[in-house]
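Student: Please see the structure below; I have some questions.
The values are calculated or read from the model by the stated rules, or taken from the named source; none is laboratory data. What you see is a predicted model, and the numbers here were worked out from it, not measured in a lab. We place every Cβ from the backbone using ideal geometry, glycine too, and count neighbours over all the protein chains shown.
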Amino acid sequence: MMYEHILRPLLFSFDPETAHHLAMSGITSGMIGGTRDNLRTDLRKTVFGVDFPNPIGLAAGFDKDGVAIDFWERLGFGFIEVGTVTFHPQPGNPKPRLFRVQEEMGLINRMGFNNHGAEALARKLAASQATIPVGVNLGKSKITPLEEAAEDYGNSYRLLHELGDYFVVNVSSPNTPGLRDLQDKDSLKAIFSTLREIDDKPPLLVKIAPDLSESALDDVVSVASEYQLAGIIATNTTIDRSMLASDPNETGGLSGAPLTGKSNVVVAHLRSVMPESMALIGVGGIMATADAVRKFELGADLIQVYTGFVYGGPNFVRQILSELPPLEG
Ligand SMILES: Cc1cc2nc3c(=O)[nH]c(=O)nc-3n(C[C@H](O)[C@H](O)[C@H](O)COP(=O)(O)O)c2cc1C
């Protein structure tokens, strides 16, 4: 209530990226958040060998540089994913690059992997006191040609492989030219074999776009099986606008409520073709408890939120946690 009627209107009076920075300052100063308490010990689960106090994570992109790693558990999160980080620090696309589609509870972003680089993130992770699992999401540096993508991911992984609980190969952002082409079989193979050669112990996942055809999804699953990946994260933002009533006319990836259906179709398909032992992290358009429940029903082992947290505020995760039925399996 307090967020919806006071804090959100205040934050939303700023442009979205400024609002994001204000919210981050509120979180890292301790003004936003609470103390860590484990509301629901029955939601604890172990996935790919990692213990999750609850299955709701912060999706990649919110805390790209890990500036608030130690604070997310105070908001109820059971895990977080930092990044996307690239080997080379980079400023991202020119501003403005983040837009609200407020009537439809969506966001459009073309941030372009603005981040301080893998070395800076390594320092943050090494100093972190977080008690929840921390995943690290890796992307390709903009200046690195696509043909050298595997080595670029490898360079980041070499700096970070001992500092995260799981690692994600992000090949699904629409905002780095050519990045999504890396979702094809041969490119994925080159990336995974490079990372595996550096260190094959940490759980490795791949994050995919919601805009892939069924046969492209099946290809991803077959490569993921071949390389014995720990799991797949589905989905990133969409370039599709067909579900919008309004026409924001901004390029970038669409997230939030307009993405729910599309992301659910992908989650359901993946679960039907993935080996049971491979984990599925469901993300995309979880705006309320019912959406979270639906993702689990469709076969997600864990879920992540981004846009729902922006619209729902600091109590968003706790609210869902208090309403979730006990987990099966
Ligand atoms: C502003 C913004 C930045 C994002 N940055 C990243 C990113 O750096 N890496 C990534 O894998 N996903 C990124 N995402 C995608 C989210 O992690 C998530 O997959 C997507 O937004 C769908 O979830 P949602 O509907 O709950 O927001 C970003 C999303 C938004 C809105």
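Student: If you go through region 191-211 one residue at a time, do you hit one that is out of contact with any Asp or Glu (no Cβ under 9 Å at 6 or more places or on another chain), assigned to a loop (DSSP other than H, G, I, E, B) and of a type in the set (Asp, Glu)?
Tutor: Yes, region 191-211 contains a residue that is out of contact with any Asp or Glu (no Cβ under 9 Å at 6 or more places or on another chain), assigned to a loop (DSSP other than H, G, I, E, B) and of a type in the set (Asp, Glu).
Student: Let me ask something else. Restricting attention to region 36-95, and to residues there that are surrounded by fewer than 20 Cβ atoms within 10 Å (Cβ to Cβ) and among the β-branched types (Val, Ile, Thr), which single residue is farthest from residue 209 (Cα to Cα)?
Tutor: Only one residue tops the list, namely 41.
Student: Looking at 211, 219, which is the one that is of a type in the set (Asp, Glu), farther than 18 Å from residue 139 by Cα and within 14 Å of the ligand (Cβ to nearest atom)?
Tutor: Unique residue meeting the criteria: 211.
Student: Residues of region 130-186 being among the basic types (Lys, Arg) and not in a helix (DSSP H, G or I), which ones?
Tutor: The answer is 140, 142.
Student: Give just the number: which of (1) more than 13 Å from the ligand (Cβ to nearest atom); (2) at pLDDT 95 or above; (3) within 24 Å of residue 109 (Cα to Cα); (4) of a type outside the set (Asp, Glu) does residue 161 not satisfy?
Tutor: Unmet for residue 161, out of (1) more than 13 Å from the ligand (Cβ to nearest atom); (2) at pLDDT 95 or above; (3) within 24 Å of residue 109 (Cα to Cα); (4) of a type outside the set (Asp, Glu): (3).
Student: In region 1-112, which strands (runs of 3 or more DSSP E) lie fully inside it and hold 1 or more residues that are in contact with a Gly (Cβ under 7 Å, 6 or more places away or on another chain)?
Tutor: Once the strands (runs of 3 or more DSSP E) in region 1-112 are filtered for at least 1 residues that are in contact with a Gly (Cβ under 7 Å, 6 or more places away or on another chain), what remains is 50-52, 56-58, 79-85, 106-109.
Student: Here's a follow-up. Taking region 261-283 only, how many residues are surrounded by fewer than 24 Cβ atoms within 10 Å (Cβ to Cβ) and either under 22 Å from residue 103 (Cβ atoms) or of a type in the set (Lys, Arg) (or both)?
Tutor: Selection size over region 261-283: 4.
Student: Only one of (1) at pLDDT below 95; (2) over 25 Å from residue 101 (Cα atoms) fails for residue 314. Which number is that?
Tutor: Result: residue 314 fails condition (2) only.
Yes/no matrix, rows are residues, columns are (1) within 29 Å of residue 226 (Cα to Cα); (2) surrounded by fewer than 23 Cβ atoms within 10 Å (Cβ to Cβ); (3) touching a Ser or Thr at 6+ places or on another chain (Cβ under 8 Å):
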{"site": "288", "(1), (2), (3)": "no, yes, no"}
{"site": "291", "(1), (2), (3)": "no, yes, yes"}
{"site": "296", "(1), (2), (3)": "yes, yes, no"}
{"site": "303", "(1), (2), (3)": "yes, no, no"}
{"site": "318", "(1), (2), (3)": "no, yes, no"}
